[in-house]
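What follows is a single structure, written as structure tokens, with notes after it.
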Amino acid sequence: MVMPCYNEEATIAESMGRVLASPWVNELVVVDDCSTDRSREIITAIDDDRVRVVAHEVNQGKGAALRTGFKSATGPFVIVQDADLEYDPNDWDHLMAPLVDGLADVVFGSRFLSGRPHRVLYYWHSVGNKILTTVSNAFTNLNLTDMETCYKAFRKEVLDTIDIEEDRFGFEPEVTAKVAAGGWRIYEVGISYSGRTYEEGKKIGWRDGVRAFVCILRYSPLGIAVRRRLDLR
């Protein structure tokens, strides 16, 4: 499991505790992305042989933290788990089933498929998510319901074929485009979601939404074909 962390002192200990309580975890790689609060102190104080901590000395963003974490992970499967408490490791049974059963190479956990509990928050965030997912689907020829979800589980061999270029939240459309281009088997399962407010520490903003559109055009098979046709870099 790979957990990127930046200034999550309020939630990191509980988030790691939930992850380490799961029977699925043999390894937890926590990448501290140069936190300026007590996050790194809290992470390094947790005494568990399954935890490996990697520290960035300069803040680079979620995508960069995941790039570092993926290189450090050694297990056959990798789940992305944020350091906040929005996503529940109790959903991993559903997330991992298609991988363990040999049906999938990548599994997306959709916040829009399940009847599981969801905290009610920002309407325009949900609209933006659906627009981005629709555009991503149009350019990748997938039929996902939640491209922007944190919960993505991979066979390690899939990640070994992908060069993550985006440093921030552009990771989500980039990795979606690249697994689509790779022809990997993709499944989607329903998950619960306990979203947080900006006052509680939510970091993604409208600029990340704009960047997501750019990433769809830059990394998707159709976007690459269009740019080549127009002789664009």
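The values are calculated or read from the model by the stated rules, or taken from the named source; none is laboratory data. Because the structure is predicted, anything quoted here is derived from the model rather than measured. Cβ atoms come from the backbone with ideal geometry, glycine included; neighbour counts cover every protein chain shown.
Descriptive notes on the structure:
- Test: residue in the range 101-114 that is free of Cβ contacts under 8 Å to residues at least 12 places away in the same chain and not charged (D, E, K, R): yes
- The residue of the range 21-47 that is surrounded by the fewest Cβ atoms within 10 Å (Cβ to Cβ), among those that are over 15 Å from Gln81 (Cβ atoms) and among the charged types (D, E, K, R), is Asp47.
- Candidate set: the range 1-20, residues that are acidic (Asp, Glu) and crowded, with 16+ Cβ neighbours inside 10 Å; chosen: the one farthest from Ser72 (Cα to Cα): Glu9
- Hits in the range 206-223 - residues which are out of contact with any Leu (no Cβ under 8 Å at 6 or more places or on another chain) and surrounded by fewer than 23 Cβ atoms within 10 Å (Cβ to Cβ): Trp206, Arg207, Asp208, Val210, Arg211, Val214, Leu217, Arg218, Pro221, Leu222
- Scanning the range 136-174 for residues that are crowded, with 17+ Cβ neighbours inside 10 Å, among the β-branched types (Val, Ile, Thr) and over 22 Å from Gly190 (Cβ atoms) yields a total of 2.
- Elements of type helices (runs of 4 or more DSSP H) contained in the range 128-233, each with 3 or more residues being modelled with pLDDT of 90 or more: 156-159, 171-181, 206-219
- Search result, residues across the range 100-117 that are touching a Pro at 6+ places or on another chain (Cβ under 7 Å) and either in a helix (DSSP H, G or I) or of a type in the set (Gly, Ala, Ser) (or both): Ala104
- One residue stands out in the range 140-160 among those that are within 11 Å of the chain's Cα centre (by Cα) and without any contact (Cβ under 8 Å) to a residue 60 or more places away in the chain: the one that is nearest to Ala181 (Cα to Cα), namely Met147.
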